[in-house]
Amino acid sequence: MRTAYSVETVRTAERALMARLPEGALMQRAAAGLAAACAQLLGRVYGSRVVLLVGSGDNGGDALYAGARLARRGAGVTAVLLSPERTHQGGLAALRRAGGTVADPSDAAEEVIRAADLVVDGIVGIGGKGGLRPDAARLAALAGASPAVVVAVDLPSGVEADSGEVRGDAVRADLTVTFGTHKPALLIDPAREYAGSVRLVDIGLELHEEADLEALQHTDVAALLPVPRAESDKYRRGVVGIAAGSARYPGAAVLAVSGALRGGAGAVRYVGPAGSAVIARFPETLISDRGPAKAGRVQAWVVGPGAGDDAATVAEVLEADVPVLVDADGLRLADRDTVRARTAPTLMTPHAGEAAALLGVAREEVEGARLAAVRELASRYRATVLLKGSTTLVAGPDGGPVRVNATGTPWLATAGSGDVLSGLSGSLLAAGLSARDAASVAAYLHGLAGRYAADGAPAGAHDVANAIPEAWRDVRG
């Protein structure tokens, strides 16, 4: 599992480690890892042209020491100093001893950046807040417009480490070399888009606190997938109820059922006005026209996709004493106090627009501060919340690490894709996974399925559903 920790936790661990090491040893470890990553990108270090954008913090020191290592291998290294009087003096001396040169952020800096093969962003460290100041923003823009590869030190300057927010100009890196642990901004949007590829350098940090973020990997997901035993039957494997669709949106019901049938539960019950469309596509579905309360026993419900204005069905499902997933129209129709009062788990799956409506803010506010939004929704509704997006976030009602998933593809931004995800998540709930695990595993599989279905070309939601078994087999190895 990949984890990310807050700035406060990282700094506490760094102080503890520095107290046990000779002075400057921790920075030398970071610089060695940074220089190795830069050398690998350059391929041939000798004769290459490297520019360091150096601020006043330790990131600037890391960049200077790494630049000194590259200069000793024959690179032409120039450091552009944004705050000459506050530059890390040990790093600057090391660079000069190795044959590196210095420039100030003037017109001369523009010329060396345009001629560079590689630019190292050591402007601002993990404690930075807000966007870059004008001088730094100009240099960041020059680096971005140049043919050089841009490498960020620990975190792209201008993004906020703990929140993943970008509140102004920021460096767009091709590679971010981060030290000790991932920072939240490297895993969540919008900051993640600025980081490029991420390489983690082990510098010996001991992190004993709870992580802020978790990102499941193949092995984590494989361990959570429900697998039938020899004595299992369709009911022991779990039954998921789908209350979805309407005369206007029958396809939502079909797609939710398609996801549910591939999610590990033993049977799917459908309740709603799209029964004929569902049974025509999926004859294995158990159809009921008696309403959720009389449909038969289920271990979990999915309600809301394509529901229109059917508030009565949403309310009836929320009364059930089993886990309930609420999506799409159901999010708008669900009474917050009813959701908060439930004793069985509730999983809500909004996209940014739906989350904004629930929070009473603009969509742009949610998209710019996704981590804060998902935590706030989980707290307000006392529910587990899966916030859809290019990186999907899952937050629980009792705090703890937020799960982040990045297996998806932009091709998943297609009508009905969320209905498939809801059915898949609901099926995993019925199979016995917790709301947090069901949401996380479903997002992971759904993202992989989207990649397989698209394979570089447009794909429909039904293609995504059909690719779920392939994703499942891939995860299980």
Once label points are set 7 Å from the Cα along Cα→Cβ at both Ala247 and Leu207, what is their separation, rounded to one decimal in nm? 5.5 nm
Can you pull the three principal axis extents for the Cα set of the stretch 244-289, in Å, largest first? 29, 17, 15
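Normalise the Cα radius of gyration of the stretch 266-347 by 2.2 N^0.38 Å (N = residues in it) and let me know the number. Spell out each step's value before the answer.
Working: Rg = 12.5 Å, N = 82, 2.2 N^0.38 = 11.7 Å.
Working it through for the stretch 266-347, the quotient is 1.06.
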So what are the ³J(HN,Hα) numbers for the stretch 118-132, from phi and the Karplus equation (6.51, -1.76, 1.60; θ = phi - 60°), rounded to whole Hz, Gly and Pro as x? 8, 10, 9, 8, x, 7, 10, x, 6, x, x, 10, x, x, 6
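Suppose R0 equals 30 Å. What FRET efficiency, 1/(1 + (r/R0)^6) with r the Cβ-Cβ distance, do Asp233 and Arg281 give to the nearest 0.05? Present the calculation step by step, with values, prior to reporting the outcome.
Details: r = 24 Å, r/R0 = 0.81.
E between Asp233 and Arg281, to the nearest 0.05, is 0.80.
With r defined as the distance between the Cβ atoms of Arg96 and Arg73 and R0 fixed at 22 Å, what FRET efficiency is calculated, to the nearest 0.05? Numbers along the way, then the final one.
Values: r = 16 Å, r/R0 = 0.74.
For Arg96 and Arg73, the calculated efficiency is 0.85.
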Equivalent-ellipsoid semi-axes (√(5λ), Cα gyration tensor) for the chain, whole Å, largest first? 50, 20, 20
Using amide H atoms built in the peptide plane, which far-off residues or other-chain residues are under 5 Å from Thr176 H to H? Ala152, Ser197, Val198, Arg199
Hydrodynamic radius by Kirkwood, which averages 1/r over all alpha carbon pairs of the stretch 355-477, in angstrom: 14.8 Å
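Once R0 is set to 41 Å, what does the formula 1/(1 + (r/R0)^6) return for the Cβ-Cβ distance between Arg15 and Thr343, expressed as a FRET efficiency to the nearest 0.05?
Details: r = 44 Å, r/R0 = 1.06.
Step by step, r from the Cβ atoms, then E = 0.40.
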Can you give the alpha-carbon Rg of the stretch 417-477 over 2.2 N^0.38 Å, where N counts its residues? 1.07
Here the alpha-carbon Rg of the stretch 138-269 over 2.2 N^0.38 Å rounds to 1.60
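Within 10 Å, count the other beta carbons around each residue, average over each peptide in 110-123, 140-153, 33-46, and list them highest first. Kindly include the intermediate steps, with their values, before the conclusion.
Values: 110-123: 23.2, 140-153: 21.4, 33-46: 17.9.
The most tightly packed comes first, giving 110-123, 140-153, 33-46.
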Separation between the Ala415 and Arg199 pseudo-spin-labels, each 7 Å from Cα along Cα→Cβ, expressed in nm? 4.5 nm
Val302's amide H: which non-local residues (gap 5+, or another chain) put their own amide H closer than 5 Å, with H modeled 1.01 Å from N in plane and none for Pro or chain starts? Gly241, Ile242, Ala243, Leu325
Please give the solvent-accessible surface of Tyr235 in Å², to the nearest 10, using a probe radius of 1.4 Å with every protein chain present. 100 Å²
Please report the antiparallel percentage of DSSP beta bridges with both residues in the chain, rounded to the nearest 5. 15 percent
Mind checking which of Leu333, Gly423, Gln28 is farthest towards the positive end of the chain's charge dipole, using Cβ charges of +1 (Lys, Arg) and -1 (Asp, Glu) about the Cα centre? Gln28
Rounded to whole Å and ordered largest first, report the semi-axes of the equivalent ellipsoid of the stretch 7-132 derived from its Cα gyration tensor (root of 5λ). 24, 17, 13
Ranking Leu216, Ser232, Ile203 by how far each Cα lies towards the positive end of the charge dipole of the stretch 191-248 (+1 on Lys and Arg Cβ, -1 on Asp and Glu Cβ), the top one is Ser232
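Any of Lys129/Lys388; Lys129/Lys183; Lys183/Lys388 with alpha carbons more than 24 Å apart? Name them for me. Show your work: numbers first, answer last.
Numbers: Lys129/Lys388 26 Å; Lys129/Lys183 14 Å; Lys183/Lys388 21 Å.
Going by Cα-Cα distance, Lys129/Lys388 fall outside the 24 Å limit.
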Cut-off 16 Å, label point 7 angstrom out along Cα-to-Cβ of Glu23: give me the residues of the stretch 90-126 whose amide nitrogen falls inside. 90-94
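Just from its helices, what would the mean residue ellipticity at 222 nm be for the chain, if runs of 4 or more DSSP H residues each count -39500 (n - 2.57) and the sum is divided by every residue, rounded to the nearest 500 deg cm²/dmol?
On the way: 19 runs with 199 residues, N = 477.
After summing the helix terms and dividing by the residues of the chain, the value is -12500 deg cm²/dmol.
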Straight-line reach from Lys294: which lysines have Cα under 26 Å away, leaving out those fewer than 8 places along the same chain? Lys234
Per 0.36 nm of contour for each residue apart, how much would the distance between Glu470 and Ala36 grow if the chain were fully extended, relative to their Cα-Cα spacing? 152.5 nm
List the residues, sorted by chain then number, that are 5 or more residues from Ala79 or on another chain and whose placed amide H is less than 5 Å from its amide H. Leu52, Thr101, Val102, Ala103
For the chain, the dipole about the Cα centre with charges only on Cβ (Lys and Arg +1, Asp and Glu -1), to the nearest 20 debye, works out at 840 debye
Phi-based couplings in Hz for the stretch 349-361 (Karplus 6.51, -1.76, 1.60; Gly and Pro marked x): 10, x, 8, 4, x, 5, 4, 4, 5, 5, 8, x, 10
Volume per residue, Å³, of the convex hull around the alpha-carbon atoms of the stretch 182-224? 117 Å³
What are the ³J(HN,Hα) couplings of the stretch 219-228, residue after residue, when phi is run through the Karplus curve with 6.51, -1.76, 1.60 and θ = phi - 60°? Round to Hz, x for glycine and proline. 5, 5, 5, 4, 5, 9, 5, x, 10, x
In degrees, nearest ten, helix 134-145 long axis to first principal axis of the chain (Cα): 80 degrees
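Expressed in nm to one decimal, what extension gain is obtained for the pair Asp398 and Ala315 from 0.36 nm per residue of sequence separation less their Cα-Cα distance? Kindly include the intermediate steps, with their values, before the conclusion.
On the way: separation 83, 0.36 × 83 = 29.88 nm, distance 2.39 nm.
Difference between extended and current length: 27.5 nm.
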Farthest towards the positive end of the dipole of the chain, among Ser6, Leu286, Val45 and with Cβ unit charges of +1 on Lys and Arg and -1 on Asp and Glu, lies the Cα of Val45
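Which order do Lys234, Lys129, Lys294, Lys183 take when ranked by solvent-accessible area (1.4 Å probe, heavy atoms of all protein chains), largest first?
Values: Lys234 105, Lys129 150, Lys294 130, Lys183 0 Å².
The most accessible residue leads, giving Lys129, Lys294, Lys234, Lys183.
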For Ile287, what accessible surface area do you get with a 1.4 Å probe? Give it in Å², rounded to 10. 80 Å²
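The values are calculated or read from the model by the stated rules, or taken from the named source; none is laboratory data. Keep in mind that this is a model prediction, so the values were computed, not measured. Cβ atoms come from the backbone with ideal geometry, glycine included; neighbour counts cover every protein chain shown. Heavy atoms of the whole protein, side chains included, go into the accessibility calculation; ligands, DNA and RNA do not. Shrake-Rupley method; radii C 1.70, N 1.55, O 1.52, S 1.80 Å.
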